[in-house]
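In what follows, a single structure is set out as structure tokens and then discussed.
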Amino acid sequence: MLQKVNLLDSQTYNRIAAGEVVQRPASVVKELVENSLDAQASEVVVEIEGAGKKLIRITDDGEGMSPADVRVAFLKHATSKIVGTDDLDAIATLGFRGEALSSIAAVSLIELVTKPNPELYKGSDVATGEELEGTRCVIQEGKLASTESWGGAVGTTIKVNDLFLNTPARKKFLKSDATELANITQVIRSYAISNPDVRFKLIVDGNNTLTTAGSGIARDALAQVWGVETARDLIEVDWGGEDEQFAVQGFISAPGVYVKNSRKQLVTVNERPVQSKEVREAVYDAVRTSTMVHAHPVFVLDVLCAPASVDVNVHPAKSEVRFRNPTSLRSAVKDAIAEAVRTSSVTIDLEDGHGTEHTAMQSTFVEEAVAPSTGAKLADVDALDMEYYPPALFQTSLFSDEEPSEVVSEYVGIGNQHGLPPLRPIGQIDLTYIICESHQGMVIVDQHALAERVELERIEKEVEADKGAGQELIDPVVMTLSKTQIAALEEMMEMLSEMGFAIEPFGTSEMIVRKVPTAVGVTLTHEELETMVEEFIQSSKVSDIADRRLRVLQTMACKRAVRAGEVLDAPGMRKIVAGLFELDNPFVCAHGRPTHLVMTSQELEKKFKRVV
């Protein structure tokens, strides 16, 4: 009888399975670190030699294993994390598939020493003296080669020697040592950040390359892994509650603070580091108007949800997950970031360009204080917090007849929603920057950047409310365009129409603009409108519809905003600066550049050598 279908032997099967789980040294490190964390370890030490190809040794102080557990731990589909299919809908551990140890053992030589924590067996009838002994064993080609008693400390040390020793072809597909080490380091960084209560140590070829304190403070772990400056520039995210399907916690870079690559980004789901396209896209949507093109936010976000709301069993390496309601997830992430930005006050420091977070200050002003845009006269100067303003405000100048209340009236932003310090515009520099005084010191406002942000938020809200009604032009604008430009504009026609534009063909090589959004107004010159439409055409190269719409809004805002180089009188400066306090996002312009910078009084004193 001709038979083509063969049953594979266990050795061949295990090597194939290892190819799914053990793709590189970093894969081994990931699986073993997860075992340590599932064992409730408070300290994990990872030692690497030869980029992980020669040696991977991981030592933890976790629960350890009994001799009985050791005898079955390296069998395929052996796991302590689940019992049956029902458990797959409520997975609360990092590991659960029962494939890692057997897969690693199939392509390496393993030495294991472990001792169980006797506290776990108190009151148990099955725990004998023998069961509480430590064990040392050797695994060769996936089989238990030797085992003996061992009298070490509670916890586990596992050594993986000569990775891919019996699959030399696999070694050829590994990258350089530097690349493999970078992948291992990235794994340790991810787990150190997501487990701030665990002490991590990474030792490479005898050198200590990474250490965390395990203090339990998330920002401390971030500082030790990503650096103090990065940790300082992050604002806290804490959103959701019992009534929400998702909760989102973590940190994200302050508005206007961004980096050139996406290396400092981490997503975890119920504290499990994963790759999540949904979360990443939601983050970028949330920061779209506060990050420059080709720039990236720094973030670490943990999405908390019921285990049944997410499927973690969709990838052999457990690096991807599938959410049952991805739309609600995206909304939750965006709402979480929006709330974090709204409730945290951030100043961009003039000295080094970094953002500094401070808690939003409570208003201490009298009820009669009027809106910031009116100049904010107060009914009673004595009601002011005397530490909130420079003392000079409450002294009548020797060279002026002004009353103190008239000086106070020059401040704008009193009692604003963001808790930002009120500002007193003083003058312009280079017809581009407005110099202001605050209780912090000196604040420099970019007049165009701020005005552009004000226009962007105003236009966006009015376009949304107008629902495409728009405003007819008394004198429609006819534009001569190339075939390529006309094709690009026609591709955007539906979106532009929904925003309030009416643009249609007018001859073979011309388009006519008959209507514009009410938010833009009909006061634009023909030249300004033509330039705007030409920039719309440029934005057609952007494939993402939301990005394309944003580019159109940014263009409209830019054309309506006060320009650099414009002369401003005192009321004009106050009007622009007052806009800072009325914004949803007062920190960056429509293109992600800072709207203002701060030099504190302390920094000024240092510059003038008043303090050392």
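Some notes on this structure:
- Sequence-distant contacts, meaning Cα pairs under 8 Å at least 6 residues apart, place the relative contact order of region 27-73 at 35 percent.
- Ranked by the mean number of other Cβ atoms within 10 Å of their residues, highest first, the peptides 282-291, 168-177 fall in the order 282-291, 168-177.
- Total lysine pairs under 27 Å (Cα atoms) in region 119-242, excluding pairs fewer than 8 apart on one chain: 9
- A straight Cα-to-Cα reach below 29 Å connects Lys559 with the lysines Lys260, Lys334, Lys461, Lys467, Lys483, Lys515, Lys541, Lys575, residues fewer than 8 places away in its own chain not being considered.
- Lysines with Cα under 16 Å of Lys607, excluding same-chain neighbours fewer than 8 positions away: none
- Estimated translational diffusion coefficient (Stokes-Einstein, Kirkwood radius over Cα pairs, 37 °C, 0.692 mPa s) of region 154-287: 189 µm² per second.
Quick note: the coordinates plus some simple rules give every number you see, no bench work behind them. Keep in mind that what you see is a predicted model, and the values were worked out from it rather than measured. Heads up, the Cβs are rebuilt from the backbone with ideal geometry, glycines too, and the neighbour counts pull from every protein chain shown.
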